[in-house]
Every structure is written in structure tokens, then in C-alpha cells.
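Following: one structure in C-alpha cells, then a few remarks.
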Amino acid sequence: MREERELLGRRVGWAVGVGCYVLAVIAGMYTLTDDVGLAVQIALWVVHGALLFLGVRKFGARESSSYAALFIVVVSSMAVGVADLAREDLTLQQRGETVVATVVSERLEEAEGRKSRDSFYTLEHEDGTRVPGPELRTTSDLYDVGQTVTVIEDPEADLRPQTPGQADAAGEVLGAAGFVLAAVGSVVWMAWRGAVTERETGEAVGRARLRREQEEKLREVLRAYPADRRGYIKVSPGEYPALTHGRAARIAWEEGLRAEAVGNRGAWRFSETVIEEVPHR
């Protein structure tokens, strides 16, 4: 019992460690998104996947470790991507200024295959100055030239102006949180799966050991027990729960005996000659 508690404690500790590592990688990659190029990011994700595979493999469910590690890397990268989308909206909400602007020109994105074409609008303040930053962007043609629209502009001109509805980052935050939970949940699931696999393996090993012990015991009985007046050696099946009658017949056959198939009355009977032999396997 003490060993089981210690093993459970180590497994829980390792699961917590791997889970914290996954969270740290997500936070780190989110921080590095704007500082390193795509090639470096891909290389870092590959290294992360390799280390994660080794960590998940220690849980014991080795047949699914590679798939679990790949899934965790994918959802982690999606969490970073969605969180990065939310970062611009949150930044714009924090430092942006709400203004009423007029659409002075509009253009449609160039066609690229069957991809939908976004609309871009150049905006000006009431005093004729241009709204700082890139053009306002929408996924459909919502505004006409001369129409007024309320937007949040970035005084530093780094971010694209957005309407208050566009700048709502609640959806992206919830999406990123969902991907993070999926990544951490996968770590927990693999820890549980490893525990189940370990228990099943231990039970299988225990059954195999018990079967070998009972087989050896039956061999000793067949070699030593005297036969009754009818020439049978009787044994109780209850003493050999890990053996089937067919397996017992096989062991008897290897010892030069036969297993009786009829008239046993709750016992196994063995003799050199029988009325009907039990098929052995």
C-alpha cells in the first residue's frame, strides 16, 4: 500500500510538472511571437514536441505517446495563434481612442482563387485629418464613401482601426483558453492512461505468474498422488482457478496421463486410460 501511494505521488508530481511545462511553453511562445521569425518559431515547436514526447512517454502509455504529444503541440500552437489575435484587440482597447470618422475611399482586396475578398476603408476625422494606422478592414462590404462610422483608433498608428464590435477580444480569449485546457487535459489523460496501462500490465504479469505456479503444482500432484482403487488421480478444480480443464489435460498429457471427461462430479480425474479424454491445449 505504501509503495502504491508513493507511485501515485510520483505520477501526480510528474503530471503536474509536464502540465506546467506545457503552460510555460505556451506563455513563452506567445511572448516571442512578435520577436522571432516563423522559421525560428517552427524550430522551437519541433524541439518542444520532442521534449514533450519524452515527458509523456514516461507516463507509461507508450503506444499513444507520439499522438498525444503531437496533439498537445498542435493545440498549444493554436492557443498561441488565437491569443496573438486577441493581443491586438486588447492593446487597441487599452490605448485606443474612440472617434467618429468618415469613409473617404474604399477598395476591394485582390482576388486570390476562391478566397473571399475583404474590404478596406480609408477614414478621416471631422477636421479632415486621416485616421492613423492601416485601413479599416471588414470581411464584407459594409460601408460606402461618405458614411460615418465609430471606430477605435491607435494613437501610435501601429494597429488597424476597428469598430467597438471588432475590437471585442472576448471570443479570442475564450478560444485561446479552450485550447490551453485541451493541452493540459491531454497531459492529465495520458497520466491516467499510463496508470491504467501499468495496472493492466501488472495484473497480466500477476495472472501469468499465478498460472505458472499452479501448473507446476499440478505437475507435482500428478507425479506424487496415488491413484484410487479405480486408477484415477483426483484433484479439486478450486485449487487451480488460473487453469482451465483443457490446460490441465495438456499438463497431464505431458506427464503421461489422460484427463477424464465424464463422471467427474466436480473433480478433475486423471489416469493412464480414460473412458472419454478431455481435449488438451
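The values are calculated or read from the model by the stated rules, or taken from the named source; none is laboratory data. Values in this document were obtained by computation on a predicted structure and should not be read as measured data. FYI the Cβ positions are ideal-geometry reconstructions off the backbone, even for glycines, and counts take in every protein chain you see. In case anyone asks, the SASA skips ligands and DNA or RNA and just uses the protein heavy atoms, side chains included. Shrake-Rupley method; radii C 1.70, N 1.55, O 1.52, S 1.80 Å.
Whose amide H sits under 5 Å from the amide H of Val131, counting only residues 5 or more places off or on another chain, with H placed in the peptide plane?
Answer set, sorted by chain and number: Leu123, Glu124, His125.
Angle check, please: helix 38-57 long axis (alpha carbons) against the longest principal axis of the chain (alpha carbons), in degrees 0 to 90, nearest 10.
Helix 38-57 sits at roughly 20 degrees to that axis.
Would you please give the FRET efficiency between Val104 and Ala24, computed as 1/(1 + (r/R0)^6) with r the Cβ-Cβ distance and R0 = 45 Å, to the nearest 0.05?
Efficiency computed from Cβ-Cβ geometry: 0.45.
When we measure straight from the Cα of Lys58, which lysines land under 19 angstrom away, once same-chain ones fewer than 8 places off are left out?
Qualifying lysines at Cα under 19 Å: none.
At R0 = 22 Å, how high is the FRET efficiency between Glu213 and Glu272 if r is their beta carbon distance? Nearest 0.05 is fine.
Efficiency, rounded to the nearest 0.05: 0.25.
At q = 0.16, 0.18, 0.25 Å⁻¹, what is the base-10 log of I(q)/I(0) for the stretch 9-76 according to the Debye formula with one equal point scatterer per Cα and no solvent? Please give it to two decimals.
For the requested q values the scattering log ratios are -0.55, -0.68, -1.12.
What is the percent of Cα-Cα separations in the chain that go past 24 Å?
70
Ranked from the most accessible area to the least, with a 1.4 Å probe and all protein chains present, what is the order of Val36, Val145?
If we order Val36, Val145 from most to least accessible, we get Val145, Val36.
Measure out, as a whole number of angstrom, how far apart the alpha-carbon centroids of the stretch 54-72 and the stretch 234-251 sit.
The two parts, judged by their Cα centres, are 41 Å apart.
In terms of the ratio Rg/(2.2 N^0.38 Å) built on C-alpha atoms, what value belongs to the stretch 103-188?
1.44
Would you mind getting the accessible area per residue of the stretch 105-222, heavy atoms of the protein chains only, 1.4 Å probe, in Å²?
Ligands and nucleic acids excluded, the result is 59 Å² per residue.
Could you work out how far helix 245-254 tilts from the main Cα principal axis of the chain, as a 0 to 90 degree angle to the nearest 10?
60
Using 1/(1 + (r/R0)^6) with R0 = 45 angstrom and r between the beta carbons of Val173 and Arg62, what's the FRET efficiency to the nearest 0.05?
The formula returns an efficiency of 0.80 here.
Which distance in nm do the two modelled labels at Arg95 and Thr150 give, with both placed 7 Å along the Cα-to-Cβ direction?
2.4
Suppose we keep just the DSSP beta bridges with both residues in the chain; what percent of those would be antiparallel, to 5?
Here the antiparallel bridges make up roughly 100 percent for the chain.
At q = 0.17, 0.21, 0.31 Å⁻¹, what log₁₀ I(q)/I(0) does the stretch 107-146 have when each alpha carbon counts as one equal point scatterer in the Debye sum?
-0.51, -0.70, -1.10
So what are the stretch 13-124's ellipsoid semi-axes, whole angstrom, largest first, if each one is the square root of 5 times an eigenvalue of the alpha-carbon gyration tensor?
40, 18, 11
Which residues in the stretch 57-72 have a backbone N closer than 12 Å to a point placed 7 Å from the Cα of Ala182 along the Cα-to-Cβ line?
Inside the label zone: 71-72.
Calculate the dipole size of the chain relative to its Cα centre from +1 charges on Lys and Arg beta carbons and -1 charges on Asp and Glu beta carbons; express the result in debye to the nearest 20.
Charge dipole of the chain: 3220 debye, to the nearest 20.
How large is ³J(HN,Hα), in whole Hz, for each residue of the stretch 149-161 in order, when computed from phi with the Karplus curve 6.51 cos²θ - 1.76 cosθ + 1.60 and θ = phi - 60°, using x for Gly and Pro?
Ordered by residue, 3J(HN,Hα) equals 8, 8, 9, 9, 9, 9, x, 8, 6, 8, 9, 6, x Hz.
For the Cα atoms of the chain, what angle does the longest principal axis make with the long axis of helix 170-224, in degrees from 0 to 90, nearest 10?
For helix 170-224, the angle is close to 10 degrees.
With a bin width of 10 angstrom, please list the P(r) values of the stretch 176-281 as percents of all Cα-Cα pairs, from the 0 bin to the one holding the largest distance.
Reading upward from the zero bin: 14, 34, 16, 11, 10, 8, 5, 1, 0.
Leaving ligands, DNA and RNA out of it, report the carbon-plus-sulfur percent of the accessible area of the chain at a 1.4 Å probe.
Ligands and nucleic acids excluded, carbon and sulfur reach 57 percent.
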